[in-house]
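Working notes, beginning with the structure itself.
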Amino acid sequence: MPSFEAVCRQLLGKAGWMPKALWGGAFTFVPLVNFLSFGYLLEYVLKLNRTQDSELPEWRDFSVSELLLSGCKFFGLLVGYIGIPILAGWILSRMLEFITMDLLGVLTFAPLGIGTFAGTFLFITAISEYAKDGLYQDAWRFREVFTLAMNAWKGLLLPVFAFWGLCLLALPLYGFAFFTGAWILLSYSTLLFSETNGSDKD
């Protein structure tokens with residue numbers, strides 16, 4: 001299992017990553033334009049899974065149409081695996097708040113928190129499944145994605161907490177926080193699942 005700390009040091013220790021991440025973060029702030037950032041992240045994961053090279057590619061290596069198409073795929077997985085659990089968790093939290101007349105206080109938000117974290121596990125697993133063979137439909141095989149996420153949850157727990165912690169701490173700069181956090185999280189999960197797949201083949 002790769003070390004999350006080692007992956008962070010490796011990624012942040014590479015020269016030239018900051019300007020590329022700043023562009024990605026800036027694009028993430030703008031609705032619709034953020035699909036370019038989503039597409040870039042997905043293309044990066046495909047490249048990482050194929051070459052094991054964690055260096056961020058140049059933005060000019062991709063056409064706008066290529067990034068937008070990949071961005072739509074990324075956004076679809078984001079909505080399907082994170083958006084729906086968050087919505088379900090929010091509805092359950094509001095119902096719990098109503099039923100208990102808000103006597104539980106912050107505990108009423110437990111379903112929302114569970115939905116957020118569970119959805120993140122599923123999302124990064126689905127991305128890894130897509131990257132494995134480049135088949136988008138593989139990312140929508142929910143049973144397989146759920147099983148893989150359950151098997152890998154211990155290795156993904158700290159990275160997922162770190163991702164959401166970064167997003168919450170840097171909320172005013174959410175675009176940069178999301179892009180950088182997603183880059184690191186997806187890098188780690190891709191390496192983790194690549195190693196797992198390699199072990200299964202052996």
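The values are calculated or read from the model by the stated rules, or taken from the named source; none is laboratory data. As the structure is a computational prediction, the values presented were derived from the model and not from experiment. With ideal geometry, Cβ positions are generated from the backbone for all residues, glycine too; neighbour counts draw on all protein chains shown. Calculation scope for accessible area: heavy atoms of the full protein, side chains included, ligands and nucleic acids excluded. Shrake-Rupley method; radii C 1.70, N 1.55, O 1.52, S 1.80 Å.
Values computed for the structure shown
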{"read-out": "Cβ-based charge dipole, the chain, positive-most Cα from ALA126, PRO2, ALA177", "value": "ALA177"}
{"read-out": "Relative packing of 53-66, 129-142, 28-41, which averages over residues the other C-beta atoms within 10 Å, highest first", "value": "28-41, 129-142, 53-66"}
{"read-out": "In nm, spacing of pseudo-spin labels at MET18 and THR100 (7 Å Cα→C-beta vector)", "value": "4.5 nm"}
{"read-out": "Taking only Cα atoms of the chain, radius of gyration then Dmax in Å", "value": "17.2, 55"}
{"read-out": "Gap separating the Cα centres of region 132-159 and region 1-43, nearest whole Å", "value": "21 Å"}
{"read-out": "Charge dipole (the chain, unit charges on Cβ, about Cα centre) - positive-most of PHE117, LEU104, LEU56", "value": "LEU104"}
{"read-out": "Dipole magnitude of the chain about its Cα centre (Cβ charges: Lys, Arg +1; Asp, Glu -1), debye to nearest 20", "value": "120 debye"}
{"read-out": "With Cα atoms, 0 to 90° folded angle of helix 174-201 axis to the chain main axis", "value": "70 degrees"}
{"read-out": "Sites LEU173 and ALA6, calculated FRET efficiency, Cβ-Cβ separation with R0 22 Å, nearest 0.05", "value": "0.25"}
{"read-out": "Total lysine pairs under 19 Å (Cα atoms) in the chain, excluding pairs fewer than 8 apart on one chain", "value": "6"}
{"read-out": "Cβ-placed point charges (K, R +1; D, E -1), dipole of region 88-198 about Cα centre in debye, nearest 20", "value": "40 debye"}
{"read-out": "C-alpha long axis of helix 110-133 to longest principal axis of the chain, angle in °", "value": "20 degrees"}
{"read-out": "Structure-based [θ]222 nm, the chain - -39500 (n - 2.57) summed over DSSP H runs of at least 4, per residue, nearest 500", "value": "-25500 deg cm²/dmol"}
{"read-out": "Probe 1.4 Å, accessible area per residue of the chain, Å²", "value": "53 Å²"}
{"read-out": "The chain, relative contact order [Cα under 8 Å, separation at least 6], %", "value": "28 percent"}
{"read-out": "Hull-based mean projected area of region 25-81, where the convex hull spans the alpha carbons, in square nanometres", "value": "4.1 nm²"}
{"read-out": "Between helix 84-99 and the chain: long-axis angle, C-alpha atoms, 0 to 90°, nearest 10", "value": "20 degrees"}
{"read-out": "Cα-only Debye scattering, region 50-156: base-10 log of I(q)/I(0) at q = 0.17 Å⁻¹", "value": "-0.88"}
